[in-house]
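Asks: Below you will find the structure I want to go over with you.
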């Protein structure tokens, strides 16, 4: 029977490797019933944090628990937490079926469940093929199948869409959202901001090992971006000059769009009417998750390319 209401809780979580502070006093909670996106630039400490949740790395300080217990204290971990951290962590000589069967047998899971998860991830036809011949996308599906073997209430995925084609990306998105709708706790790390915008309900963002944001997706978008209006005018250059002269701050958007701050929609509409300037669009500008993420984490980027 699936146990619901299982939380992941990190409190003062810290991990130091020699002189390198990978995770620095990190506290957050991953709640059941929603997909939590775990975001951060390269080197932010995401993978290290996920490894500490799974007991693969010991914290230097602080604690992280699943359902109130450290991972090492779980009686039947495969039945309580399913995780995909490295899709290539499979013996290349084993078939997909025997890889999953070995995991099932070592965790007290019936062999029938192996067939169920292979069907669920779309690998039934490849069950007798050796994993060494799999593409990255197939390995991702096999890793997801392994995570689901124990039908756990907590699921963790690190970059699960790597190597998947568009159909596979949609599949994993719907799979994660479906699990959250069942009341499971879903934590997913990804660098694909466009995909996270479609998948996540809540975001935990870290930079240089420290918490940067912990909020719902919509709240995150509102709080990290300056409020702007998107304007399309018959003569964008002329209207941009009028907006600037009236105290607006104007920057170019896509195509002939103007992105205006310091003036609200009513003021922009009155200005256009007064000067007889036709507008084809006047609406709040919805910032993308990528833009909001880049703005929030720009001081936390470890490697930055130079301009040409």
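Asks: Test residue 296 against the stated conditions and say whether it is outside the structural domain of residue 155 (by TED's automatic domain parsing) and either on the phi < 0 side of the Ramachandran plot or surrounded by fewer than 19 Cβ atoms within 10 Å (Cβ to Cβ) (or both).
Replies: yes
Asks: Assigned to a helix (DSSP H, G or I), in contact (Cβ under 8 Å) with a residue 24 or more places away in the chain and out of contact with any helix residue (DSSP H, G or I) (no Cβ under 8 Å at 6 or more places or on another chain): does that describe residue 168?
Replies: no
Asks: Is it the case that some residue within region 20-32 is over 16 Å from residue 65 (Cβ atoms), surrounded by 14 or more Cβ atoms within 10 Å (Cβ to Cβ), touching a helix residue (DSSP H, G or I) at 6+ places or on another chain (Cβ under 7 Å) and in the same structural domain as residue 159 (by TED's automatic domain parsing)?
Replies: Yes; the residues of region 20-32 include at least one that is over 16 Å from residue 65 (Cβ atoms), surrounded by 14 or more Cβ atoms within 10 Å (Cβ to Cβ), touching a helix residue (DSSP H, G or I) at 6+ places or on another chain (Cβ under 7 Å) and in the same structural domain as residue 159 (by TED's automatic domain parsing).
Asks: Could you tell me which residue of region 33-55 is surrounded by the most Cβ atoms within 10 Å (Cβ to Cβ), considering only residues that are over 12 Å from the mean Cα position of the chain (by Cα), within 16 Å of residue 82 (Cβ to Cβ) and touching a residue at least 24 places away in the same chain (Cβ under 8 Å)?
Replies: 53
Asks: Check 59, 77 and return the single one that is under 26 Å from residue 109 (Cβ atoms), buried (at least 17 other Cβ atoms within 10 Å of the Cβ) and touching a helix residue (DSSP H, G or I) at 6+ places or on another chain (Cβ under 8 Å).
Replies: Of the residues listed, the single one that is under 26 Å from residue 109 (Cβ atoms), buried (at least 17 other Cβ atoms within 10 Å of the Cβ) and touching a helix residue (DSSP H, G or I) at 6+ places or on another chain (Cβ under 8 Å) is 77.
Asks: When you check residue 117 against the structure, is it in a loop (DSSP other than H, G, I, E, B) and touching a helix residue (DSSP H, G or I) at 6+ places or on another chain (Cβ under 6 Å), yes or no?
Replies: no
Asks: Does at least one position in region 260-267 carry a residue that is within 30 Å of residue 160 (Cα to Cα) and surrounded by 17 or more Cβ atoms within 10 Å (Cβ to Cβ)?
Replies: If we filter region 260-267 for residues that are within 30 Å of residue 160 (Cα to Cα), which is where we start, we get none.
There is no residue in region 260-267 that is within 30 Å of residue 160 (Cα to Cα) and surrounded by 17 or more Cβ atoms within 10 Å (Cβ to Cβ).
Asks: On the basis of being under 30 Å from residue 191 (Cα atoms), modelled with pLDDT under 95 and surrounded by 15 or more Cβ atoms within 10 Å (Cβ to Cβ), does residue 248 make the cut?
Replies: Spelling it out, it is not the case that residue 248 is under 30 Å from residue 191 (Cα atoms), modelled with pLDDT under 95 and surrounded by 15 or more Cβ atoms within 10 Å (Cβ to Cβ).
Asks: Could I ask something else about it? Here's a check for you: in region 218-237, which residue that is touching a strand residue (DSSP E or B) at 6+ places or on another chain (Cβ under 9 Å) and at pLDDT 90 or above is nearest to residue 16 (Cα to Cα)?
Replies: Per the stated criteria, the residue is 230.
To keep it simple, each residue is scored yes or no on (1) touching a residue at least 24 places away in the same chain (Cβ under 8 Å); (2) assigned to a strand (DSSP E or B).
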{"residue": "204", "(1), (2)": "yes, yes"}
{"residue": "211", "(1), (2)": "yes, yes"}
{"residue": "221", "(1), (2)": "yes, no"}
{"residue": "230", "(1), (2)": "yes, yes"}
{"residue": "241", "(1), (2)": "no, no"}
{"residue": "244", "(1), (2)": "no, no"}
{"residue": "247", "(1), (2)": "no, no"}
{"residue": "251", "(1), (2)": "no, yes"}
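Asks: Just one of 154, 144, 114 is crowded, with 21+ Cβ neighbours inside 10 Å, at pLDDT 95 or above, assigned by TED's automatic domain parsing to the domain that holds residue 196 and farther than 22 Å from residue 32 by Cα; which is it?
Replies: Numbers: 154 fails: farther than 22 Å from residue 32 by Cα; 144 fails: farther than 22 Å from residue 32 by Cα.
Selected residue: 114, the only one of 154, 144, 114 that is crowded, with 21+ Cβ neighbours inside 10 Å, at pLDDT 95 or above, assigned by TED's automatic domain parsing to the domain that holds residue 196 and farther than 22 Å from residue 32 by Cα.
Asks: Now a separate question. Where residues in region 185-202 are part of a loop (DSSP other than H, G, I, E, B) and touching a helix residue (DSSP H, G or I) at 6+ places or on another chain (Cβ under 9 Å), which of them is surrounded by the most Cβ atoms within 10 Å (Cβ to Cβ)?
Replies: Checking each candidate, the answer is 200.
Asks: For the subset of region 254-280 comprising residues that are within 32 Å of the chain's Cα centre (by Cα) and outside any loop (DSSP other than H, G, I, E, B), which member is modelled with the lowest pLDDT?
Replies: It comes out as 261.
The values are calculated or read from the model by the stated rules, or taken from the named source; none is laboratory data. Since the model is a prediction, treat every value here as computed from it, not as a measurement. We place every Cβ from the backbone using ideal geometry, glycine too, and count neighbours over all the protein chains shown.
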